[in-house]
Structures are given as structure tokens and as C-alpha cells.
Ligand code: AMP
């Protein structure tokens, strides 16, 4: 794959904050970013060279987009398979590839690949009908979590099953779509790794980081994670084997549970830049956003070296009103996404605190 020259156009599916930060990183390397989004006045559109406003299943919009850009990438994982196919049919280079996008949309396929690669996962079973849930619970046992196979994010589409009697209510809450039952992992902490594979097959990972969630939403990431060197090395090796197995090009994340006995359990992968990697923009030689743009443009990967310890705090809903205090902190860097309205649970910005 030849490297795109500065002046080329990076196409980004999605207009949210990840698209915005990707577009800014693209501009820094001399590229133009074009956004495809159904949303008017999106956070990404306001920093991009151009926006095509269309739904992700709008064939004419996808074709126009494919013709205007030199590579198509995405800021969200739920790109409809038909959209990826339409873009490829229109001659677009798409990175990450359609297989990686499809994999991340199906929790069962994702865990099957993890198992094939020798990763430890929570025990799991596909649940398509009420009877499957009883069979799965008998094998996996309670406590367990019932999740939608597709389209879950930020803890949405989940039901806890504390004991077998909770099964009917959990199934009723989520039914009428394919599900997965997972054994509950009483983890010590949640970790994630942000890694990249270049078009030339090169691999690079940032330091393992540690995440705190509340109500399914990421609140805080600290880098590096409090984890033994062997765990850090293991996470890195897992990311590398996944990247090569998928012939992946771009940045991705793997989320893990670290158990008290030191086992590292792979929960899920995200085929895109990730909220738990935002600290890289302030604490590393090159951010995850630059790294992703470099990879999809066929450039050499950048250094992932961490310059100092860091902590990233999401500003959710009206927490963004505290920007003034963060802006006055000499060790903090404030990032606001330009969203017009703060709704509860909406990610409005983040702050990185540098530990120097
Ligand atoms: P997910 O949508 O898979 O990222 O799940 C959202 C959050 O739910 C995770 O970050 C965990 O805090 C929790 N969770 C998900 N799966 C499990 C599991 N098998 N055991 C324990 N906690 C889980």
C-alpha cells in the first residue's frame, strides 16, 4: 500500500468527538478530513474540511463520499456491513477492514476469535431463545450477565442475573434479539490497551491503562495501569496477535478484566480510537489519533512512548461547566467537544492531568 501524500483526503464515518479528534490530527499531518454523518452541526464537522450529510445506508451519499476521499475510516464500530460493502464497491480503500468491523459487532464471534487466539474470556454462550438461557445458565452458573450480541455500548443492552430466578426478567428485558450470556467476572480492576498496526504490518502499543466506570460509562483512566510487568507484557502480546490475525490497519483497543489471581480476561475489542486512550494526546510522543491517521494513510507508525504518568477524567453532562477550574490548573489539559447541549450521560469533554 502506498503512503498517502499530504493534501490527500481522510474520510471519517461518524461526526462525534472521536471523529473530531481524528480530523484535527489529520489536519496536523497536512490532510483534509471529510466527515460522513447524518447529524447536522456535528462536533467533527466543525473542524473538518467538508461534511457529506447522509445516513449510513444512503447509497448515493456513500458513493459520493467514496469518490471524494482517498481512504475511509470510522469513529464508531457499528458501521452497517452494507455500508462498508458499498464503499468498497465504489472503489474506496477502507481501514480497518470489513472483517474487523463485523467482528466487533458480534460479541459471540469476537469471543470465539479470542478463544481461538488462546485469550482467556469469561465463559459465554449464545442465547437465541428462552430455552437457550436455561441451558447456558446451567452450564455457566450465576451470577452472570445477559447482553445483546450487537449494538451494545456504554453498558446499554445488559441485564444482570444474580441468581437463576432472575433469568425470566433478564430475558424479558432484552428479548427479541440475539443475546449472549457471560459468566460474571469479579475483577480486581478493568484495564485496556490501545494499539495500532500499520499498513506495512508494523505493530505498536501504548502502555496498558486502568479504567473506572460508573453506570456503564467510563469516568477515569489512569496511565500506566497498576499491574505487574508480566500482565502488561501479556496484554501487549494479545493485542499484537489480534492485530495480525485480523490483518488490521489502524488503532484499536482491547478491554480486559484483571482478576485477583492475576488472570487477564479479554472482554471486548473496539476497532477504533478509544476513550481510554485520550491521555495519549497529552502524555505521549504521538496521540492515538495521529497514530490512527498514520496507519490508515499508510505512513510509518509513530512512537507510542509515554512522557509522564497521566490521568484522564471524562466531563459528562454538566460536569463540563467546570472547564474554568480545569483551565486554571497548570498540570491539566482541557478538551471540549463543542457539543451544543449537555444532556445527562453525554460525553462533553475530558481533562488530562499530567503527573510531572
Ligand atoms: P461491555 O459492554 O462488555 O464493555 O460491559 C460494560 C461494563 O460492564 C464493563 O466495563 C464491566 O464493568 C461490566 N461487565 C461486562 N461484562 C462483565 C462480566 N462478564 N463480568 C463482570 N463485569 C462485566
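Miscellaneous remarks
- Angle of helix 229-245 to the longest C-alpha principal axis of the chain, folded into 0 to 90 degrees and rounded to 10: 70°.
- For the chain, built as a Gaussian network whose Cα springs stay under 10 Å, the top-fluctuating residue of 242, 146, 117: 117
- Two-decimal ratio, segment 122-174, of alpha-carbon radius of gyration to 2.2 N^0.38 Å: 1.03
- On Cα atoms only, tilt of 59-68 relative to the major axis of the chain in degrees: 50 degrees
- Here the Kirkwood formula puts the hydrodynamic radius of segment 1-113 at 14.1 Å, using every distinct Cα pair.
- When the alpha carbon coordinates of segment 210-356 are projected onto the principal axes, the ranges are 44, 40, 31 Å, largest first.
- For segment 112-224, the average shadow cast by the Cα convex hull is 8.7 nm², which is a quarter of the hull's surface.
- P(r) of the chain over all Cα-Cα pairs, binned every 20 Å from zero, in whole percent: 29, 60, 11, 0
- Spin-label pair residue 46/residue 59, simplified geometry with 7 Å Cα→Cβ offset, distance in nm: 3.6 nm
- Residue 160 paired with residue 241, simple spin-label distance in nm, labels 7 Å along Cα-to-beta-carbon: 3.2 nm
- Of the peptides 308-315, 136-143, the order by per-residue mean of other Cβ atoms within 10 Å, starting with the highest, comes out as 308-315, 136-143.
- Helix 17-28 and the longest principal axis of the C-alpha atoms of the chain enclose an angle of approximately 30°.
- By average C-beta atoms within 10 angstrom, highest first, the peptides 32-41, 248-257, 169-178: 248-257, 32-41, 169-178
- Within the listed set 195, 68, 26, the Gaussian network model of the chain (springs between alpha-carbon atoms below 10 Å) gives the highest mean-square fluctuation for 68.
- Within a Gaussian network of the chain (alpha carbon springs, distance under 10 Å), most fluctuating of 328, 283, 66: 328
Quick note: the coordinates plus some simple rules give every number you see, no bench work behind them. Computed from a predicted model, the values in this text were never measured in an experiment. Methodologically, a virtual Cβ is constructed for each residue, glycine included, from the backbone with ideal geometry; neighbour enumeration extends over all protein chains shown.
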